[in-house]
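Participant: Dumping the structure here so I can ask a few things about it.
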Amino acid sequence: MTNKTDEKRQEEPRVGVFICDCGSNIAGHIDCPAITEYAASLPGVAFAKENLYSCSEGGIAEIKKAIKDNELERVVVASCSPRTHQPLFSSSCGEAGLNPYLFEMVNIRDQCSWVHMQDREKGTEKAKELVRMGVAKSKNLEPQEDIESSLVDRVLVIGGGVAGLSAAQTMSGMGLEVILVEKEQELGGVLRYLNQLAPGEQSATEYIDSLVGSVRDDPGITVHLGAEVQTVGGYIGNYQVSLQTSDGQSLEEKVGCLVVAIGGVPLTPEGLYSYDGETVISQMELEEKLKNRTFGAKKIVMIQCAGARDEQRAYCSRICCLTAVKNAMLIKEQDPEAEVHILYRDMQMYGTEKEQMLWDARAMGINFHVYDPANKPVVDQGRVTFYHSLLGKEISLNPEQVVLSTPLVAREDAQRISQMMRVPMDQNKFFLEAHAKLRPLDFAADGIFVCGSARYPATVDEARSQGTGVASRVGTILFKDKLISSAIVAVVNPESCVGCMGCMDVCPYQAITYDPENKVCVINDILCKGCGSCAATCPSESVQLRGYKPNQLLAQIRAAA
């Protein structure tokens with residue numbers, strides 16, 4: 001005769017637990033065999049195994065085999081970070097016939113072996129507790145179905161500079177329909193005003209004219225000049241965009257993805273180093289003089305970091321040193337007798353080609369002087385005085401022309417676009433990517449991308465590379481028949497919801513709206529990112545987050561007690 005405890009155990013789902021050594025990352029600091037033995041003793045665990053590398057092809061094969069051979073109904077993997085590996089393990093469970101949402105991951109690398117590597121015993125005990133909590137939660141997991149939605153295979157690109165043009169050209173070549181919006185009356189961005197590109201001596205005009213011509217001639221790209229984006233609504237795969245054209249006409253467009261490529265603008269050095277636009281000019285104004293062949297000064301001083309790397313703008317613009325060296329070399333090529341001095345704090349000439357330019361510039365007789373940022377150069381009545389940090393003395397120069405190397409700064413309308421699209425900016429009002437290393441061209445908002453100097457000051461090559469990179473990111477979304485997103489989203493129980501709208505106030509993705517007819521809150525599954533803020537706020541527990549419902553979290557808490 002079976003007792004009630006036996007009946008309860010028979011009703012519990014069969015759980016499989018896999019402990020990963022991660023080579024020596026985990027096994028080198030905690031006792032993985034002991035954790036595996038402990039996991040096997042937990043109620044409901046039908047199978048437990050230690051793997052050398054659970055994420056390897058062999059490790060995944062073992063998990064799939066165990067699911068089938070042992071009729072597992074839940075799977076727990078204790079290894080590294082769910083952020084990087086949970087999709088792999090959950091999809092593998094799905095391939096073995098188990099609902100992917102019946103998978104639970106425990107992070108014993110970051111939370112045990114890495115932080116307790118000096119205390120093997122305590123790290124092992126903590127790992128056991130985390131595994132116990134993971135098993136307890138897994139028993140309460142519920143099968144879910146991925147959320148599916150339609151896709152519009154069109155893309156809106158905002159900005160007609162190098163990055164935007166490159167993105168549009170590449171996406172059109174991939175077979176996507178592209179709408180390119182440029183608020184100026186001409187494509188090309190800042191490049192229209194440059195003289196030559198570097199490294200190399202290619203004409204900026206020839207370069208941008210070629211790129212603009214290919215975009216203009218592309219039947220897959222619709223260009224709107226003198227136009228601006230007024231409103232953006234919807235979500236990934238189905239954005240609704242309102243445009244205002246140069247003649248005041250309003251256009252409504254539906255697109256699947258958005259690309260922000262508005263670029264940056266060179267800072268005009270008003271109030272810096274006696275700037276007057278004549279004897280003291282900016283590098284941008286020098287570019288124009290060189291382009292029009294109206295520059296003829298014999299003695300030139302260039303001052304780097306003018307308006308950058310200070311209290312107002314702490315960042316390095318990255319391209320100013322390249323521009324100064326390029327223009328100094330052009331001046332020396334046109335007039336070998338010209339005397340050119342570059343006053344700098346640090347030379348930002350990264351990459352082998354740019355570094356070679358620096359050596360070539362020195363060989364041409366261009367003078368480089370280090371100045372102390374705490375004791376900046378002084379320009380007074382045409383004379384430039386500065387303290388040379390390496391020589392340890394003050395130097396005075398009397399040039400015919402002073403050229404200030406100013407940084408690229410964010411455009412004035414960047415903040416408006418940020419608010420309209422609900423995408424973040426940094427303290428300098430450049431757009432902020434989702435992750436500098438893992439998602440450098442994505443925004444946190446799905447389906448919206450950023451490239452070029454809108455993200456951070458970029459060279460022409462970098463802007464073009466980022467434009468083509470964004471095209472590939474867009475392709476990963478729009479080349480699908482339908483959009484499939486995670487089912488781990490918040491849900492509202494309409495029977496208990498009283499429509500207090502507290503959840504709407506805390507939702508960072510604006511995924512919640514109020515239904516006045518039924519007087520309840522409604523969640524858009526596609527916009528919801530499963531952060532759980534609404535579930536934590538709702539006083540009646542009418543909002544719950546799938547995969548993290550109160551009974552599932554309480555099971556973990558009780559297991560930890």
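The values are calculated or read from the model by the stated rules, or taken from the named source; none is laboratory data. Because the structure is a prediction, the values reported are computed rather than measured. In this analysis, Cβ positions are derived from the backbone assuming ideal geometry, glycine residues included, and neighbour counts consider all displayed protein chains.
Participant: One residue is enough: does region 110-123 have a residue meeting the conditions on the phi < 0 side of the Ramachandran plot, among the small types (Gly, Ala, Ser), assigned by TED's automatic domain parsing to the domain that holds His29 and more than 32 Å from the chain's Cα centre (by Cα)?
Facilitator: yes
Participant: Find the residue count for region 207-221, including only residues that are surrounded by fewer than 15 Cβ atoms within 10 Å (Cβ to Cβ) and hydroxyl-bearing (Ser, Thr, Tyr).
Facilitator: Selection size over region 207-221: 1.
Participant: Among the residues of region 123-145 satisfying the criterion of being touching a helix residue (DSSP H, G or I) at 6+ places or on another chain (Cβ under 8 Å) and among the acidic types (Asp, Glu), which is farthest from Ser210 (Cα to Cα)?
Facilitator: Of the residues in region 123-145, the ones touching a helix residue (DSSP H, G or I) at 6+ places or on another chain (Cβ under 8 Å) are 123-124, 126-144.
Next cut, among the acidic types (Asp, Glu) only: 129, 142.
On the way: Glu129: 63, Glu142: 57 Å.
Once the filter is applied, the top-ranked residue is Glu129.
A quick yes/no check of all residues on (1) farther than 16 Å from Lys298 by Cα; (2) in contact with a Lys or Arg (Cβ under 7 Å, 6 or more places away or on another chain); (3) basic (Lys, Arg):
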{"residue": "Leu322", "(1), (2), (3)": "yes, yes, no"}
{"residue": "Gln334", "(1), (2), (3)": "no, no, no"}
{"residue": "Tyr344", "(1), (2), (3)": "yes, no, no"}
{"residue": "Leu358", "(1), (2), (3)": "yes, no, no"}
{"residue": "Thr385", "(1), (2), (3)": "yes, no, no"}
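Participant: Since Glu495 meets every condition but one in (1) of a type outside the set (Lys, Arg); (2) outside any loop (DSSP other than H, G, I, E, B); (3) loosely packed, with under 14 Cβ neighbours inside 10 Å, which condition does it not meet?
Facilitator: So the condition that Glu495 fails would be (2).
Participant: Another question, then. Of everything in region 97-122, what is closer than 18 Å to Asn70 by Cα and crowded, with 18+ Cβ neighbours inside 10 Å? Give them in sequence order.
Facilitator: Start the filter on region 97-122 by keeping residues that are closer than 18 Å to Asn70 by Cα, which leaves 97-100, 102-104.
Leu98, Pro100, Leu102, Phe103, Glu104, listed by residue number.
Okay, residues lined up against (1) touching a Gly at 6+ places or on another chain (Cβ under 8 Å); (2) under 26 Å from Arg318 (Cβ atoms):
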| residue | (1), (2) |
| --- | --- |
| Pro377 | no, yes |
| Gln381 | no, no |
| Tyr387 | no, yes |
| Lys393 | no, no |
| Leu397 | no, no |
| Pro407 | yes, yes |
| Arg411 | yes, yes |
| Met421 | no, yes |
| Met425 | no, yes |
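Participant: (1) farther than 19 Å from Glu355 by Cβ; (2) modelled with pLDDT of 95 or more: which one isn't true of Gly296, the others all being true?
Facilitator: (2) is the only condition that Gly296 fails.
Participant: Just give me the residues in region 406-428 being within 17 Å of Lys183 (Cβ to Cβ), part of a loop (DSSP other than H, G, I, E, B) and within 15 Å of the chain's Cα centre (by Cα), in sequence order.
Facilitator: Matches in region 406-428: none.
Participant: Check every one of the helices (runs of 4 or more DSSP H) wholly within region 23-103 and list those with 2 or more residues that are of a type outside the set (Gly, Ala, Ser) and in contact (Cβ under 8 Å) with a residue 60 or more places away in the chain.
Facilitator: 32-40
Participant: What number goes with the only condition from (1) surrounded by fewer than 24 Cβ atoms within 10 Å (Cβ to Cβ); (2) more than 30 Å from Phe103 (Cβ to Cβ) that Glu125 does not pass?
Facilitator: For Glu125, the failing item is (2).
Participant: Of the conditions (1) at pLDDT 95 or above; (2) in a strand (DSSP E or B), Ile484 clears all except one; give me its number.
Facilitator: (1)
Participant: Let me ask something else about it. Condition test on Asp461, is it outside any loop (DSSP other than H, G, I, E, B) and of a type in the set (Asp, Glu)?
Facilitator: When the stated conditions are applied, Asp461 passes them.
Participant: Can you find a residue in region 181-197 that is surrounded by 15 or more Cβ atoms within 10 Å (Cβ to Cβ) and under 17 Å from Val423 (Cβ atoms)?
Facilitator: Yes; the residues of region 181-197 include at least one that is surrounded by 15 or more Cβ atoms within 10 Å (Cβ to Cβ) and under 17 Å from Val423 (Cβ atoms).
Participant: Here are some residues: Thr513, Thr476. Which one is without any contact (Cβ under 8 Å) to a residue 24 or more places away in the chain, in a strand (DSSP E or B) and loosely packed, with under 15 Cβ neighbours inside 10 Å?
Facilitator: Thr513
Participant: In the list Gln415, Gln401, which residue meets the criterion of being at pLDDT 95 or above, crowded, with 19+ Cβ neighbours inside 10 Å and not assigned by TED's automatic domain parsing to the domain that holds Arg83?
Facilitator: Within the list Gln415, Gln401, the selection yields Gln401.
Participant: Same structure again: Considering every residue within region 379-388, establish whether at least one is outside any loop (DSSP other than H, G, I, E, B) and of a type in the set (Phe, Trp, Tyr).
Facilitator: There is at least one residue in region 379-388 that is outside any loop (DSSP other than H, G, I, E, B) and of a type in the set (Phe, Trp, Tyr).
Participant: Determine whether Gly248 is modelled with pLDDT under 95 and surrounded by 15 or more Cβ atoms within 10 Å (Cβ to Cβ).
Facilitator: no
Participant: Is it true that some residue in region 519-535 is part of a loop (DSSP other than H, G, I, E, B) and farther than 27 Å from Ile417 by Cβ?
Facilitator: First, the residues of region 519-535 that are part of a loop (DSSP other than H, G, I, E, B): 519, 524-532.
After this cut, where a residue has to be farther than 27 Å from Ile417 by Cβ as well, the list is 519, 532.
Taking every residue of region 519-535 in turn, at least one turns out to be part of a loop (DSSP other than H, G, I, E, B) and farther than 27 Å from Ile417 by Cβ.
Residues are listed down the side, and each one gets a yes or a no for (1) within 24 Å of Gln86 (Cβ to Cβ); (2) under 27 Å from the mean Cα position of the chain (by Cα); (3) not charged (D, E, K, R):
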{"residue": "Leu478", "(1), (2), (3)": "no, yes, yes"}
{"residue": "Ser486", "(1), (2), (3)": "yes, yes, yes"}
{"residue": "Pro494", "(1), (2), (3)": "no, no, yes"}
{"residue": "Met501", "(1), (2), (3)": "no, no, yes"}
{"residue": "Ile512", "(1), (2), (3)": "no, yes, yes"}
{"residue": "Asp515", "(1), (2), (3)": "no, no, no"}
{"residue": "Lys519", "(1), (2), (3)": "no, no, no"}
{"residue": "Pro539", "(1), (2), (3)": "no, no, yes"}
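Participant: Looking at region 43-59, which of its residues are crowded, with 21+ Cβ neighbours inside 10 Å and more than 34 Å from the chain's Cα centre (by Cα)?
Facilitator: Val45, Ala48
Participant: So, one more: Of the conditions (1) part of a strand (DSSP E or B); (2) surrounded by 15 or more Cβ atoms within 10 Å (Cβ to Cβ), Glu394 satisfies every one except a single condition; which number is it?
Facilitator: (2)
Participant: Oh, and also: For region 380-409, which positions are in contact with a helix residue (DSSP H, G or I) (Cβ under 9 Å, 6 or more places away or on another chain) and among the polar types (S, T, N, Q)?
Facilitator: Hits for region 380-409 are Gln401, Ser405, Thr406.
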